[in-house]
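Only one structure is covered here, and it is reproduced in the block below.
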Amino acid sequence: MSTVTAALSPDQVAAFRRQGYLLPGRQLLPAADFADLQATFDGLLADWIAQGGRPEHMDVPHFRHPGLMRWLLHDDVLDVVESLLGPDLVLFSSHFICKPAGDGRRVPWHEDSAYWKGRWDPMDVVTIWLALDASTPENGCMRVIPGSHDNGYSDYVPVEGAPEVFGTRIRPGSFDEAAAVDCVLAPGEYSLHHAKMIHGSEPNRSPRRRCGYTMRYISAAARHLGGRDDTFQIYLARGRDRAGNAYGDPTRPNAAWCEKYSPKNTPKGH
């Protein structure tokens with residue numbers, strides 16, 4: 001455990017439960033660890049693009065690069081999550097969502113839970129959104145609808161027009177978009193959001209890149225009911241299993257996934 005806890009305060013926990021998101025207003029990682037993650041990501045991004053991948057679609061990069069577990073299983077990260085989910089934790093997924101300068105794609109309004117329907121019981125995934133770059137309205141920061149985490153499975157329709165990160169969006173008019181809050185973050189700061197909360201982001205037409213690393217966790221008391229295919233793996237992050245789930249080895253690549261998917265055909269997951 002860290003010598004200085006990163007745990008959330010009781011007031012912050014209450015705010016998260018009430019609103020479905022939280023902006024703690026502080027750095028997630030020690031400065032040296034964060035700088036190493038930024039450098040690691042830049043290398044992974046260059047390789048990903050060279051292989052034909054779109055920057056927004058670097059989903060589950062830890063399957064190919066288990067060195068990312070250094071940050072996904074970092075005590076300061078898990079201390080934050082433990083504040084919300086308790087001491088027994090599962091790493092569900094991670095995703096570098098990088099919007100390049102000038103042509104970064106919009107993320108349509110959605111709930112993460114809608115993409116994961118049928119995969120967890122209960123569906124109480126918590127996401128840490130760690131800003132690798134400054135995240136502002138100008139470069140397409142995440143936007144949230146406070147208090148919208150009471151459903152999780154809205155009515156979706158196809159996206160029309162220019163390509164977006166996902167091909168469907170919540171049906172327009174089914175919630176109040178005027179209530180949206182911008183999640184403005186400095187590099188190294190983070191937000192938290194519940195899987196059922198409505199959120200999205202605008203395209204990046206600015207001259208500055210916007211990248212966030214989403215780190216997704218759930219209680220080890222939740223049952224994993226499967227996924228997009230049988231090559232998907234979850235990992236016991238802290239404590240003990242409480243639901244009879246099967247876990248991958250965090251020290252090794254997910255060989256079956258890597259063999260099945262290249263950067264060009266990796267599913268547009270969440």
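Dipole magnitude of segment 1-147 about its Cα centre, charges +1 at Lys/Arg Cβ and -1 at Asp/Glu Cβ only, in debye to the nearest 20?
Here segment 1-147 has a charge dipole of around 440 debye.
Note the full-extension length gain between ALA35 and ALA221 as 0.36 nm times their separation in residues minus their Cα-Cα distance, in nm to one decimal.
Answer, rounded to one decimal: 63.6 nm.
So what's the projected area for segment 1-116, the Cα convex hull averaged over all directions, in nm²?
About 9.1 nm², averaged over all directions.
Please list the equivalent ellipsoid semi-axes of segment 47-196, computed as the square roots of five times the alpha-carbon gyration tensor eigenvalues, in descending order and whole angstrom.
Each semi-axis is the square root of five times an eigenvalue, giving 24, 21, 16 Å.
Quote the charge dipole size of segment 104-189 about the Cα centre in Debye, to the nearest 20; the model charges only the Cβ of Lys and Arg (+1) and of Asp and Glu (-1).
Roughly 260 debye, rounded to the nearest 20.
Where nothing but the Cβ of Lys and Arg (+1) and of Asp and Glu (-1) is charged, how large is the charge dipole of segment 10-260 around its Cα centre, in debye to the nearest 20?
My answer is approximately 260 debye.
What residue among THR168, ALA180, LEU68 has its Cα farthest toward the positive end of the dipole of segment 10-260, where the charges are +1 on Lys, Arg and -1 on Asp, Glu, each on the Cβ?
Farthest along the dipole direction, towards plus: THR168.
Using only the alpha carbons of segment 166-211, determine the length spanned along each of the three principal axes and report them from longest to shortest in whole angstroms.
Between the extreme Cα coordinates on each principal axis of segment 166-211 lie 33, 24, 21 Å.
Answer with one residue from LEU132, GLY226, GLY86: the one whose Cα lies farthest towards the positive end of the charge dipole of segment 83-230, charges on Cβ with Lys, Arg +1 and Asp, Glu -1.
LEU132
Give the span of segment 10-260's Cα atoms along each principal axis, as three whole-Å numbers ordered largest to smallest.
Extents along the principal axes, in whole Å: 43, 41, 36.
For the chain, which cysteines have no second Cys with its Cβ under 4.7 Å from theirs?
CYS141, CYS183, CYS258
Laboratory data are not the source of any read-out in this text; all were calculated from the coordinates shown. Just so it is clear, the structure is predicted and the values come from calculations on it, not from any experiment. Heads up, the Cβs are rebuilt from the backbone with ideal geometry, glycines too, and the neighbour counts pull from every protein chain shown.
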